[in-house]
Amino acid sequence: MSTPAIPIRAAVLTVSDRCSRGEAVDTSGPALASLLRERLGADVVLSRCLPDEIPQVAACFREWSRPEARIDLVVSTGGTGLAPRDVTPEAARSVFDREHNGLMELARMRCYASTPRTYLSRGVAGTVARTLILTLPGSLRGSTEMLEALLDILPHAIETLRGEVQDDGRAEATPATGRVISHRD
């Protein structure tokens with residue numbers, strides 16, 4: 001796995017009624033921030049904990065996706081299950097410019113061997129301008145396993161969103177304004 005030439009700027013959002021009220025300790029958010037730092041060399045510039053409320057979660061996604069925030073990756077944890085108050089996917093979809101179903105399907109597929117319950121997560125992925133948003137489960141295990149399932153492809157996704165990748169390494173490709181990324185696969 002390669003890391004981008006410019007470190008990934010990331011933000012972590014925990015969506016939890018109980019954590020936002022101080023009734024529970026957030027373990028998933030800090031664990032995701034550590035994974036991003038240690039495994040991607042990311043600079044985690046913001047973190048926040050919010051209740052399961054669509055307007056608040058959507059506003060945070062919008063704020064962190066503004067071009068002046070310069071955040072490449074927003075990872076949220078919580079609110080992706082089947083409980084009535086699990087509304088993170090709805091909040092994310094309300095702000096996406098483009099949804100990217102394949103990313104979370106890949107994460108679910110890769111995590112299936114560990115637990116079939118991975119398919120209970122309704123997590124979604126998508127972009128707002130040049131920011132990629134991933135909505136992960138709220139449990140420590142579920143959130144970290146799903147993020148780990150995507151770590152190998154996130155650097156290339158971020159470079160592509162930034163506009164740093166022009167060509168995909170095809171032998172006949174020549175860069176005009178971007179750079180060519182060569183892949184072994």
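No lab work stands behind these numbers, since they all come straight from the coordinates. Predicted model, so just to flag it, every value in this text is computed and none were measured. Note that each Cβ is placed from the backbone with ideal geometry, even for glycine, and that neighbours are counted across all protein chains shown.
Here are the numbers for the structure shown:
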quantity: Relative contact order of the chain, pairs being alpha-carbon contacts under 8 Å that are 6 or more residues apart, as %; calculated: 23 percent
quantity: Cα pair distances of the chain binned at 10 Å [whole percent]; calculated: 10, 38, 36, 13, 3, 0
quantity: Label-to-label distance, nm, for residues given as E148 and L161 (7 Å Cα→Cβ offset); calculated: 2.3 nm
quantity: Longest DSSP-loop-exposure-free segment, GluC sites (Glu not before Pro), the chain, at most 14 other Cβ within 10 Å; calculated: 24-171
quantity: Antiparallel bridge percentage (DSSP; both residues within the stretch 9-180; nearest 5); calculated: 25 percent
